[in-house]
Structures are given as structure tokens and as C-alpha cells.
Amino acid sequence: MLNILTMMVAAALGACLRAYINELPVFKDKDMPYNTMTVNILGAFLMGFVVMLVTANTQYYLIIITGFSGGFTTYSQFALDQFNLLREKKTKLFFKYSLSTIFFTLVAVAFGLIAGSMFV
């Protein structure tokens, strides 16, 4: 039960950090939703990094990966951003955003796994 409560607190902290990053002035007045992309890239790196460190300990995995990273990253906002770009008939931007996000999150996970393996 304590693990579940700790995971819930970690998820709340991750969501709060995501909300803070989303409101940074650097992301305002942009054509593409760079805030969501940034959060998902950072979260992908964090997941790759941490998964290498905590694979043997399911308690930490639950708290950090499922809790914090799950609350921090956001596939649903990514999907909504894609939908809005299509609705606004910004097809080129839709493909740029979608492919960039997928590519860079995969790269970030790979770099996270490599960086995390250096500490194991």
C-alpha cells in the first residue's frame, strides 16, 4: 500500500513539473507544440536512464518510472496536439511534429539507456 501511495505522490510531482515546463515563456507563441515535445523527450531520456539503474528493484521502478515519469510525460497531449494541427489543416506541421517527436523520443531513450548503463 505504501508503494502505491508513494507512486501517486511521484506521479503528482511529475505532473506538476510538466505543467511548469508547459508554461515557460520560451514555448509561447510557437506554431508547433514544443512544450509537449520537450516534456516527452526529457521523460524518454529519464525513463531510459532510470530503467538501467532500477531493473532489479521493482519498488523504485514503480515509483520513478510508473509514477514520476508517467505523470511527467504525456501521450494524450501529444495526440491532442496532432489532432489540432490536422483540424487546423496544418498538414506539414502535423508531420513535422509527429515524426520529430517520435524520432527524438527514441533517440532520448537510447541515450538514457546508454547513460544509465554507465552507472550499473
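The values are calculated or read from the model by the stated rules, or taken from the named source; none is laboratory data. Treat the numbers as computed from the prediction; the structure is a model and nothing was measured. For neighbour counting, all protein chains shown are included, and Cβ atoms are generated from backbone atoms with ideal geometry for every residue, glycine included.
Exactly one condition in (1) surrounded by fewer than 17 Cβ atoms within 10 Å (Cβ to Cβ); (2) within 19 Å of Ala15 (Cα to Cα); (3) of a type in the set (A, V, I, L, M) is not met by Leu86; state its number.
Among (1) surrounded by fewer than 17 Cβ atoms within 10 Å (Cβ to Cβ); (2) within 19 Å of Ala15 (Cα to Cα); (3) of a type in the set (A, V, I, L, M), Leu86 violates only (2).
Limited to the range 89-109, what total is found for residues that are surrounded by 15 or more Cβ atoms within 10 Å (Cβ to Cβ) and either in contact with a Gly (Cβ under 6 Å, 6 or more places away or on another chain) or touching a residue at least 24 places away in the same chain (Cβ under 8 Å) (or both)? Talk me through it step by step, then tell me what you get.
First, the residues of the range 89-109 that are surrounded by 15 or more Cβ atoms within 10 Å (Cβ to Cβ): 90, 93-94, 97-98, 101, 104-105, 108-109.
Those still in the list that are either in contact with a Gly (Cβ under 6 Å, 6 or more places away or on another chain) or touching a residue at least 24 places away in the same chain (Cβ under 8 Å) (or both) too: 90, 93, 97, 101, 104-105, 108-109.
Qualifying residue count for the region: 8.
What residue, of Gly116, Gly112, is at pLDDT below 95, surrounded by 13 or more Cβ atoms within 10 Å (Cβ to Cβ) and in a helix (DSSP H, G or I)? Show your work before the answer.
Numbers: Gly112 fails: at pLDDT below 95.
Going through Gly116, Gly112 in turn, the sole match is Gly116.
Kindly check whether there is at least one residue in the range 33-42 that is surrounded by fewer than 17 Cβ atoms within 10 Å (Cβ to Cβ), closer than 20 Å to Ser117 by Cα and under 12 Å from the mean Cα position of the chain (by Cα).
No, that holds for no residue.
For Phe45, all conditions in the list (1) under 24 Å from Ala110 (Cα atoms); (2) without any contact (Cβ under 8 Å) to a residue 12 or more places away in the chain hold save one; what is the number of the exception?
Status for Phe45: all satisfied but (2).
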